[in-house]
Each structure stands twice: as structure tokens, then as C-alpha cells.
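Written out below as C-alpha cells is the structure these notes cover.
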Amino acid sequence: MALVASKLEPAQAMVDEVIEAGHGWTRRIEAGQVVRIVDLEGNQAVDTLFYNAADPSERYSAVDTIREQGNVYLSTGTRLLSSEGNPLVTIVADTCGRHDTLGGACAAESNQVRYALEKRYMHNCRDTFLLALACCTHDMGKRDLTANVNFFMNVPLTKEGGLTFEDGISGPDRYVELRAEMAVRILISNCPQLNNPCNAYNPTPIRILIWNGPLAAPGVAAG
Ligand SMILES: [Zn+2]
């Protein structure tokens, strides 16, 4: 866990918007730009995928990222690698301390398996991803949904290597900051899940800020 605060000032951000609970969002981020995701009320799960903006068939690879850093948790210093082994983004600041990339995204199917058959019709991240892609891209769809990052989500491993979903370790206004290492498309589902403690059974809004490259100084260690 590497808690590092950012020096970037929200007043200087070129983008500052709130994504409501359960909503999706996608945008092209240029190389060198910095994106901050703020967990406004705490304990939210922010399901996120990254792609090479020029060629979405090159996309985030959880397995390459885990292997290269030798750790299953994401935090400051983690380089999120693509399926071609190239860095897509680097986590340059993090005031939460741990993010998951093992738990995957919720779906109509997993809602039925995990919770109950009648949960099939509840909102889920997979549908939110697809809606966001349908709105904003021409060439992306189901085939592009792969193992994702869950920012602010806590999925600790047991001693035996098992996965457990626990209450989040995030809190109000904690954030994670990402510097784009190439032009990337970022795709977010601000998880609408009502059946899982990952977001305290209560989906809440997040805030997205984006700064241009020259302002993107490295973060400083939190005092
Ligand atoms: Zn979800």
C-alpha cells in the first residue's frame, strides 16, 4: 500500500464532472494527460477498462500487469499494461491504497448465480459498459469487455489464495490518479450493484478530473 497525494489543483483541471451512481462514461485520454477518479462518498466500486485509442484490440491485461509488478493489488507506481505488454497508464497518486483487478465486473448472469434468479434484471456493470460503448464508439462492443480494474474495491486474498469480497477500505474524497502513457480510451461503469458489500450496498457518485500534460507533475508522498 503506497499512499501518495497529488499536487494537481482541481481549479486547473480541463475536465471536472460527476458520474452518478450506476452511470457509464468513456473518453479518449491523450498521452501525458492525468485523470483523477474521486470516490466522493466512499466505498464505491469503479469498474474500469483501458484501450489503445488507435487500436482497441490492444487493451488492458490484468494478468500481464500482475505478473510484471509481482503483486495482485494495484496502487501508486503500478503500470497498467496492455495485451501487447505496453504501459497504458501509470498510477501516479493514490489516497485509498489498494485497488482490485481480480474480481471482474458484475453482469446479469453473475447477479443470478451469486444472489438470486430474480436479480437478473437489475442494473449491472457489463450492461453499463456496453451502453457507454454503443453511445460513444463505432467499432467496440461485447468482444472488447475483458478482465477489468475495480478502483476502490477490496478483494483480499486468503492465505490459501482464495478470493474474498470485503467492505471497502476507501472513504469519502479518496482518489486515484492515472497518467496516460499513450493515447488511451478509458471506459468506466460506476457500479450500480446493490447486492455486494464492495460498495456497502449503496452505489454513490464519483468525480472525474483531467489535467493536461504540462501540469502533470509527479505526486508527493502523503504526510
Ligand atoms: Zn458492478
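Tabulated data for the structure shown
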{"read-out": "Value of relative contact order over the chain, rounded to a whole percent, pairs C-alpha under 8 Å and six or more apart", "value": "43 percent"}
{"read-out": "For region 122-134, 3J(HN,Hα) per residue [Karplus equation, 6.51 cos²θ - 1.76 cosθ + 1.60, θ = phi - 60°, Hz, x = Gly/Pro]", "value": "6, 4, 8, 5, 4, 5, 5, 4, 5, 5, 5, 5, 5"}
{"read-out": "Residue order, fewest to most beta carbons within 10 Å, for Met140, Met14, Met122", "value": "Met14, Met122, Met140"}
{"read-out": "Within the chain, longest stretch free of exposed trypsin sites (Lys or Arg not before Pro) [DSSP loop, at most 15 other beta carbons within 10 Å]", "value": "8-158"}
{"read-out": "Derived scalar couplings ³J(HN,Hα) [region 173-188; Karplus, 6.51 cos²θ - 1.76 cosθ + 1.60; whole Hz; x for Gly, Pro]", "value": "6, 6, 8, 10, 10, 10, 9, 6, 8, 8, 5, 10, 9, 10, 10, 10"}
{"read-out": "Region 86-223: C-alpha gyration tensor shape, a/c 1.5 cut-off, then a/b vs b/c", "value": "oblate"}
{"read-out": "HN-Hα J in Hz across region 114-121 - Karplus 6.51, -1.76, 1.60, θ = phi - 60°, x for Gly and Pro", "value": "7, 10, 5, 4, 6, 7, 4, 8"}
{"read-out": "Residue (of Val18, Trp211, Cys135) at the positive-pole extreme of the chain, dipole from beta-carbon charges", "value": "Cys135"}
{"read-out": "Pairwise centroid distance, computed over Cα atoms, of region 75-131 with region 12-36, Å", "value": "17 Å"}
{"read-out": "Per-residue Cβ neighbour rank within 10 angstrom, fewest leading, Glu68, Glu181", "value": "Glu68, Glu181"}
{"read-out": "Positive-pole candidate from Gly103, Thr78, Thr48, dipole of the chain, charges at beta carbon", "value": "Gly103"}
{"read-out": "The chain - charge dipole about Cα centre, Lys and Arg +1 at Cβ, Asp and Glu -1, debye rounded to 20", "value": "160 debye"}
{"read-out": "Gaussian network model of the chain, springs between alpha carbon atoms under 10 Å - residue of Ile29, Ile19, Ile206 with greatest fluctuation", "value": "Ile19"}
{"read-out": "Computed lengthening from Glu68 to Thr164, 0.36 nm per intervening residue step minus Cα-Cα distance", "value": "32.2 nm"}
{"read-out": "Least to most buried among Asp16, Asp94 (fewest other Cβ within 10 Å first)", "value": "Asp16, Asp94"}
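Bear in mind that the values in this text are calculations on the coordinates, not laboratory data. In this text, all values refer to a predicted model and were calculated from it rather than measured experimentally. Note: ideal-geometry Cβ built from the backbone for every residue, glycine included; neighbour counts use all protein chains shown.
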